[in-house]
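Novice: Have a look at this one.
Any read-out appearing in this document is the output of simple, stated calculations on the displayed coordinates, not a laboratory observation. Everything numeric in this text was worked out from a predicted model, so none of it was measured. Every residue, glycine among them, receives a Cβ derived from its backbone with ideal geometry; neighbour counts consider all protein chains shown.
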Amino acid sequence: MSMENLDFPSFLDEKMRERGLTLKKISELTGIPLAHLENLHRGELGELPSGPYLRGYLGRLGKILDFEPEIWWKHFEKDQGLAGSGGADKLPQNRFALRPLGKYVWFVPLAAILVIYLGFRFSAVAGRPMLELREPDAGITTSTGDFQNVSGSTDPGNRVFVNSEEVPVSPEGGFEKRVNLEPGLNSIRIEVRKFLGGAREELRQVIYKPAEEAPSATSSEE
């Protein structure tokens, strides 16, 4: 059909027949509301949204029906009194179309770094704590004294318990505790706890054998 008479409803009819499309199908393909397509098909431009939207609709129709939308837009501007938004006027975007990442690309590596950092921080406050014991030695040891020194180190900020009694921890992470021994086998339990509950425990056993007292002078004379 010739465009000399610039009858858009008739032009639209012919394009739809050529491709076997209905207004409903075109609405599904372009995202243009069916009511707006019906108004455009009847030539009732006054019922349509503002000029930039109409221009956007023409652009989408041009892709589906294979025609140059700017020719019709200029016709509507001239004869129907429609106004655009000036020189910077752009076709409205399809709200269902994928948006380019553009300036947000930088966010991906930043998010990855943040996740890794938080993972390390979580391990620092909630993972299994570090515990190094200097004394007593591992396994079962023997002592002739009535006490045993318990000393070692952990990460600063952790809490240390020796036989369920909390022991002060220095700013550098060191700790020390004197434990009284009973004759025979003594179990010493050392526990370290992190801020969010991560814990570690070590068990040391010490056999206390009191030294035999030297015989008195009176006993010797007898």
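Novice: Taking the stretch 1-60, which GluC sites (Glu not before Pro) meet the DSSP loop condition and have no more than 15 other C-beta atoms within 10 Å?
Specialist: Here the GluC sites (Glu not before Pro) that fit, given the DSSP loop and packing criteria, are GLU4, GLU44.
Novice: Follow-up. Would you mind checking LYS24/LYS63; LYS24/LYS74; LYS15/LYS63; LYS25/LYS74 for any pair whose Cα atoms are more than 22 angstrom apart?
Specialist: Details: LYS24/LYS63 16 Å; LYS24/LYS74 26 Å; LYS15/LYS63 12 Å; LYS25/LYS74 26 Å.
Listed pairs above 22 Å: LYS24/LYS74; LYS25/LYS74.
Novice: For the stretch 131-208, what relative contact order do you get, as a whole percent, if you take Cα pairs closer than 8 Å and at least 6 residues apart?
Specialist: Reported as a whole number, the value is 34 percent.
Novice: Where in the stretch 161-195 are there GluC sites (Glu not before Pro) that are in a DSSP coil and have at most 14 other Cβ atoms within 10 angstrom of their Cβ?
Specialist: Loop-located and lightly packed - GLU172.
Novice: Lys and Arg at +1, Asp and Glu at -1: add these up for the other residues within a Cβ distance under 12 Å of GLU201 and post the number. Can you show the working numbers first?
Specialist: Working: positive: ARG128, ARG189, ARG193, ARG200, ARG204; negative: GLU191, GLU202.
Result for the local shell: +3.
Novice: Moving on. So how long is each side of the stretch 8-79 along the principal axes, counting just the alpha-carbon atoms, biggest first, in Å?
Specialist: 31, 21, 18
Novice: I would also like to ask the following. Tell me, what is the Rg over Rh of the stretch 131-208, with Rh the Kirkwood radius over Cα pairs?
Specialist: 0.98
Novice: Follow-up. Counting pairs of alpha carbon atoms under 8 Å apart in space and at least six apart in sequence, what relative contact order in percent does the stretch 8-79 give?
Specialist: Details: 48 pairs, mean separation 20.4, N = 72.
Result for the stretch 8-79 is 28 percent.
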